[in-house]
Amino acid sequence: MNIFQKIREYFPCVKERIFLNHAGVSPLCIPVSEAIQGYLKNKVSGEEEDFDVDSARKLFAQLINASSEEVALVPNTSTGLSIAANLLKYPRSSNVVTTDLEFPSVVYPWLRIKMSSNLEIRYVKNIEGRLRLEDFEKAVNDDTVAVVISHVEYGNGFKNDLKAIAEIAHEHGALIVVDACQSAGAMNIDVKRQEIDFLATSCYKWLLGPSGAGFLYVKRDLIEEAEPIFVGWASVKHEIFETVDLWNNTQLILSETARRFEIGTPSLLSYVGATAALELILKCGIEKIENRIMELTNYLIEKLKEDGFTIQTPQESSNRSGIVNFKASKPKEKVEKLHQKGVIVSARMNGIRVSPHFYNTKDDLERFLEYLKEIEDQPSGS
Ligand SMILES: Cc1ncc(COP(=O)(O)O)c(C=O)c1O
């Protein structure tokens with residue numbers, strides 16, 4: 001039995017349905033649900049000792065090649081991006097560069113800042129679903145404060161070359177803020193090699209955890225100069241809370257680590273699950289996971305093309321990810337019909353978005369394609 005067959009056994013959902021929507025909200029696997037149930041059992045029994053949430057921080061740091069001091073716990077990607085947006089300073093006539101393929105939470109925090117400043121937001125426009133480096137080169141200038149971008153675009157799965165974009169930003173003294181919600185847990189991320197300044201993710205998609213747990217990475221050199229807008233007991237130097245005698249309510253001594261961006265108690269229950277999921281991902285190895293996902297999505301693209309579908313996902317291997325999108329008429333109706341047959345995909349960008357994870361099989365994809373043909377053959381509305 002290979003590792004993926006063994007891991008598939010951890011996912012009871014495969015007995016009920018063909019789940020191909022990890023770009024949405026992923027099903028929970030047995031190790032995650034057992035960890036959560038174990039935690040709940042302890043809590044029900046009145047166990048006082050609580051879960052050490054630092055284990056989640058450490059595992060996520062390991063996954064992205066950061067230090068755990070560079071990782072803050074945030075409930076989701078949107079919060080992480082909003083924190084990053086509000087840490088930066090926007091001098092007069094400054095701009096932020098983003099793209100026209102972004103999930104709303106990538107852009108909204110800066111639209112909010114623009115409401116009370118003259119910040120310019122520049123949109124790099126996609127060309128047939130691709131974001132070209134030359135267009136980032138044109139958009140970024142010495143007034144750019146940050147390039148704000150998803151690692152993998154949520155609609156068509158286009159994977160951006162973060163290192164190249166970071167280099168363009170850094171040449172002009174700008175920073176790069178990354179939404180990794182559609183890549184963390186599926187694609188390799190190395191914040192050092194890719195020269196990333198901020199990176200935020202939630203855990204309930206490719207990281208296979210529950211909702212309520214997320215991470216914000218802030219590059220070491222940026223932490224101490226960053227002043228968080230919201231603060232609470234969790235933002236201050238940890239030692240202050242080791243003994244009640246040291247509590248100091250006359251002075252705010254912020255943590256020297258990314259904890260300064262935390263405010264209060266996180267959802268421990270969510271991080272219990274997220275930790276179990278991270279352990280599974282790290283045990284399998286992110287390179288292996290990425291290769292497996294690529295094998296599945298390559299297969300899917302070939303089969304869809306054979307069946308005459310138009311692929312909306314750019315197909316260059318360096319820009320591919322776990323998301324495949326193909327054109328479809330009435331995609332919502334079709335997604336609903338597939339749902340009734342136990343196949344979970346989603347409707348995006350006038351097409352159908354399919355996002356298999358490492359425990360899916362070619363057989364899952366073939367069954368999806370069979371059902372797709374069946375509903376294609378049905379008269380519309382039936
Ligand atoms: C790229 C991207 N960012 C963020 C989110 C969601 O963010 P949050 O977890 O904060 O709700 C999604 C959800 O689909 C997404 O695709």
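Annotations
- Among the candidates Thr265, Thr275, the residue that is crowded, with 17+ Cβ neighbours inside 10 Å and out of contact with any strand residue (DSSP E or B) (no Cβ under 8 Å at 6 or more places or on another chain) is uniquely Thr275.
- Strands (runs of 3 or more DSSP E) enclosed by the stretch 91-153 - at least 1 residues per element that are within 12 Å of the ligand (Cβ to nearest atom): 95-99, 144-150
- Qualifying residue in the stretch 74-82 (condition: assigned to a helix (DSSP H, G or I), within 16 Å of the ligand (Cβ to nearest atom), aliphatic (A, V, I, L, M) and touching a residue at least 40 places away in the same chain (Cβ under 8 Å)): yes
- The stretch 142-165 residues that are of a type in the set (Asp, Glu), paired with ones that are assigned to a loop (DSSP other than H, G, I, E, B) (beta carbon under 7 Å, 6 or more apart): Asp142/His172; Asp142/Gly173; Asp143/Ser93; Asp143/Ser94; Glu153/Leu101
- Residues in the stretch 200-216 that are touching a helix residue (DSSP H, G or I) at 6+ places or on another chain (Cβ under 7 Å) and more than 9 Å from the ligand (Cβ to nearest atom) were compared, and the one that is nearest to Val152 (Cα to Cα) is Leu207.
- Subset of the stretch 101-121 [closer than 20 Å to His151 by Cα and crowded, with 18+ Cβ neighbours inside 10 Å]: Leu101, Glu102, Ser105, Val106, Val107, Pro109, Trp110
- Matching residues in the stretch 8-26 - criterion: being in contact (Cβ under 8 Å) with a residue 40 or more places away in the chain, in a loop (DSSP other than H, G, I, E, B) and not aliphatic (A, V, I, L, M): Tyr10, Phe11, Glu16, Arg17, His22, Gly24, Ser26
- Test: residue in the stretch 41-61 that is of a type in the set (A, V, I, L, M), more than 16 Å from the ligand (Cβ to nearest atom), farther than 30 Å from Ile229 by Cα and in the same structural domain as Ile229 (by TED's automatic domain parsing): yes
One line per residue, one yes/no per condition, for (1) of a type in the set (S, T, N, Q); (2) under 24 Å from Ile189 (Cα atoms):
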{"site": "Gly273", "(1), (2)": "no, yes"}
{"site": "Ala276", "(1), (2)": "no, yes"}
{"site": "Gly285", "(1), (2)": "no, yes"}
{"site": "Lys288", "(1), (2)": "no, yes"}
{"site": "Thr313", "(1), (2)": "yes, yes"}
{"site": "Ser317", "(1), (2)": "yes, yes"}
{"site": "Lys332", "(1), (2)": "no, no"}
{"site": "Gln340", "(1), (2)": "yes, no"}
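- For Gly264: the one exception among (1) within 21 Å of Asn86 (Cβ to Cβ); (2) touching a Gly at 6+ places or on another chain (Cβ under 8 Å); (3) within 16 Å of the ligand (Cβ to nearest atom): (3)
- Residue list for the stretch 338-367, filter: buried (at least 18 other Cβ atoms within 10 Å of the Cβ) and either farther than 24 Å from Phe158 by Cα or assigned by TED's automatic domain parsing to the domain that holds Gly157 (or both): Leu338
- Considering the stretch 154-167, the residues that are small (Gly, Ala, Ser) and either out of contact with any Leu (no Cβ under 7 Å at 6 or more places or on another chain) or part of a loop (DSSP other than H, G, I, E, B) (or both) include one that is farthest from the ligand (Cβ to nearest atom), namely Ala166.
- Residue that is farthest from the ligand (Cβ to nearest atom) [pool: residues in the stretch 168-193 that are more than 19 Å from Ala84 (Cα to Cα) and not in a loop (DSSP other than H, G, I, E, B)]: Glu171
The values are calculated or read from the model by the stated rules, or taken from the named source; none is laboratory data. Since the structure is predicted, the reported quantities are computational estimates derived from the model, not experimental observations. Glycine gets a Cβ as well: all are built from the backbone with ideal geometry, and neighbour counts include every protein chain shown.
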